[in-house]
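The values are calculated or read from the model by the stated rules, or taken from the named source; none is laboratory data. Predicted, not measured: the structure shown is a model, and the values here were computed from it. Here the Cβ is made from the backbone with ideal geometry for all residues, glycine too, and neighbour counts use every protein chain on show. These accessible areas exclude ligands, DNA and RNA; they are computed on the full protein's heavy atoms, side chains included. Shrake-Rupley method; radii C 1.70, N 1.55, O 1.52, S 1.80 Å.
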Amino acid sequence: MAYDKITVKGAKEHNLKNIDVKIPRNKLVVMTGLSGSGKSSLAFDTIYAEGQRRYVESLSSYARMFLGQMDKPNVESIEGLSPAISIDQKTTSKNPRSTVGTVTEIYDYLRLLYARIGIPHCAVCGREIRQQSVDQIVDKIMTYNEGTKIQIMAPVVRGRKGEHAKVLDSARKSGFVRVRVDGIVYDLSEKILIEKNKKHNIEIVVDRLVIKPEISSRLADSIETSSKLAGGMTMVNFVGGEDVIFSQKYACPEHGGSLDDLSPRMFSFNNPFGACPKCTGLGVFLKIDEAKIIPDKNKSIRGGGIKGGGWAMEGSSIAAMYFEALAEKYGFSLDEPLKNIPDEIIDKILYGTGDEKLTINRKSIYGKGSYKQTFEGIINNLDRRYRETNSNWIKDEIRSYMTEIPCDSCHGDRLSAESLAVTVGGINIADFCKLSVVEALDFVKSLELTEKEQIIGEEIIKEIIERLNFLKSVGLGYLTLSRSAGTLSGGESQRIRLATQIGSSLTGVLYILDEPSIGLHQRDNEKLLKTLKRLRDLGNTVIVVEHDEETMYAADCIVDIGPGAGIHGGEIVCVGDADKIKA
């Protein structure tokens, strides 16, 4: 039986007064009324809650373990429901790794584009790099000091889950003796247990050598063997030292830096293969801020001039002990304003005394005594405690004295130097994400590609353009893809989710939105309405809780709830289009 309406009977959730209402399906429906009249109770707490509950109940018991089960709303019956998606203003991700690009999935397509048609460059000199021959790899290895012990290894598994039993069996049958799994070397004759659900790195040890002039021929043979096993890649382990990867595909002839095969994960800052190794893909560090430790230099130390994590002198006998020892050692007063204390002494207070020891006088109920000890400094102390503590309370307390600073390795771009050295159209993926949506659209549309690149990238570029257009169509053309999701306003977050849903092209879904016009300039209202109508035209029911007059006129149906607020509301005043309600 096909339903053309959502029929609600006996809705009593919150202040709803046992109401019955029929809402047309596959239409744009606006629920309006005074604040507190009950429109959100009907839209979100009744219709969405029941639609979501029924959908979750239809899943397997295993799947339901991972999903929050909603309570049954206070309603007699609802017929004609579809799986429901709520797009409200309270779902902004606070994850520091989430950006506009990742939330909208545009970044996934960008990673694919750069992996397929990206041009790699040397991270040192910036020159375009090309395939590296076996002879070039041998020449590079032979530049290391004579007598250096090395292992030639084939990286057959890199960051993949599984037990990889077939890989180990194949290596065993091929006559190899050793294998390194996650940094530990095993003999292939022993039983090697690998945890199935964790990511692993496996390298087959092809040869063990000591660098000297006569090994060139054997080294070349070992590199060829390794390359065949690992698809053109060779890993050289300097015994007791680092691993260096050589590739027969990409390497700088001058600096010798090699790249793996370009893959989407290489451009992900949430993956160790692409993330900046220093900041692990966050792009920033939390650092204790001097200005927050000493907020007012006109105050003295005794008068509360120093704050932060137990170092305020008032109420802390330990802090007082150290400050008195510092004052005695360096000849300053705890009662004079901090602005009068020399910078080198302030530096010792904040960053420690190094090897210089203080004479600390300790007093307690058991007596008094003194001992000598170095002082690590307030900032070093807070930084250490922040890293070592397991207490969320202490972390939050110390974090209030921190500020974010860009990573000095990637300069806030989140990716490794090798990943940032790959370009499309002359810019890397981080620079692309710094463009506004409008600028990014212009850039992608004006890309000049070779015939081969055009064939490979056509469908990816088409998808990127379409999704950027969705963001532009909901009035977000000014956003950059690198913008942190946590900094978005409620209205921006809601419209991003709206654009993402259009991109997913779902049909037969019930969408419920909470005042999407909030924070939107009046000139962009028309763009938003076109987006809502497009969502409807895909074959979905769109219910919008809204006060905006323009949205009401654009709606196929208006449900007016009231007549008042609170106990004076909760009733259906009128159902129909704008003309019917005006009449």
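General observations
- Taking the Cα centre of the chain as reference, the dipole from Cβ charges on Lys and Arg (+1) and Asp and Glu (-1) amounts to some 1260 debye.
- Averaging 1/r over every pair of different alpha carbons in segment 396-530 and inverting the result gives a Kirkwood radius of 17.4 Å.
- Rolling a 1.4 Å probe over the protein chains gives VAL103 an accessible area of about 50 Å².
- Two-site label geometry, SER505 and VAL185: point separation in nm, points 7 Å out along Cα→Cβ: 5.3 nm
- Simple spin-label estimate for SER484 and GLU439 gives 2.0 nm between the two label positions (7 Å along the Cα-to-Cβ direction from each Cα).
- Helical mean residue ellipticity (222 nm; -39500 (n - 2.57) per DSSP H run of 4+; nearest 500) of the chain: -9000 deg cm²/dmol
- When both segment 426-464 and segment 104-162 are represented by their alpha-carbon centers, they are found 24 Å apart.
- Principal axis dimensions, largest first and in whole angstrom, of segment 84-206 by Cα: 63, 44, 23
- Each of CYS574, GLY304, CYS433 was placed along the dipole of the chain (beta-carbon charges, centred on the mean Cα), and the one lying farthest toward the positive end is GLY304.
- Proximal lysines relative to LYS368, as straight alpha-carbon distance under 28 Å, when same-chain residues fewer than 8 apart are discounted: LYS307, LYS329, LYS348, LYS357
- Label-to-label distance, LYS22 versus GLU466, with points set 7 angstrom from Cα along the beta-carbon direction: 3.7 nm.
- Net length gained if the chain between ASP556 and CYS574 were fully extended (0.36 nm per residue, minus Cα distance): 5.1 nm
- Applying both filters, DSSP loop and at most 13 other Cβ atoms within 10 Å, to the chymotrypsin sites (Phe, Trp or Tyr not before Pro) of segment 15-72 gives PHE66.
- Cross-link check: pairs LYS199/LYS395; LYS166/LYS198; LYS140/LYS249 evaluated at a Cα-Cα cut-off of 20 Å; pairs beyond the cut-off: LYS199/LYS395.
- Cα centroid of segment 191-230 to Cα centroid of segment 487-551, whole Å: 55 Å
- Solution diffusion estimate, µm²/s, Stokes-Einstein, segment 483-583, Kirkwood Rh from C-alpha pairs, 4 °C, viscosity 1.567 mPa s: 86 µm²/s
- Loop-located chymotrypsin sites (Phe, Trp or Tyr not before Pro) across segment 336-405 with a Cβ neighbour count of 10 or fewer within 10 Å are TYR366, with loop assigned by DSSP.
- Cα principal axis extents for segment 436-479, largest first, Å: 35, 15, 10
- Inter-centroid distance (Cα atoms) of segment 21-79 relative to segment 336-376, Å: 63 Å
- Normalising by residue count, segment 368-422 has a Cα convex hull of 153 Å³ per residue.
- The chain - accessible surface per residue (Å², probe 1.4 Å): 51 Å²
- Packing-based ranking, highest mean first, of 10-21, 182-193, 265-276 given that Cβ atoms within 10 Å are counted: 265-276, 10-21, 182-193
- In degrees, nearest ten, helix 451-473 long axis to first principal axis of the chain (Cα): 50 degrees
- Shape of the chain, Cα gyration tensor, a/c cut at 1.5: oblate
- Sparsely packed loop sites in segment 413-472 (the GluC sites (Glu not before Pro) outside DSSP H, G, I, E and B with at most 12 other Cβ atoms within 10 Å) comprise GLU448.
- Set of lysines near LYS530 by C-alpha distance (under 30 Å), chain-local residues within fewer than 8 positions excluded: LYS5, LYS22, LYS27, LYS39, LYS90, LYS94, LYS434, LYS445, LYS462, LYS472, LYS580, LYS582
- Percent carbon-and-sulfur accessible area, segment 325-423, ignoring ligands, DNA and RNA, probe 1.4 Å: 45 percent
- Scaled against the 2.2 N^0.38 Å expected of a compact globular protein of N residues, the Cα radius of gyration of segment 519-567 reads 1.31.
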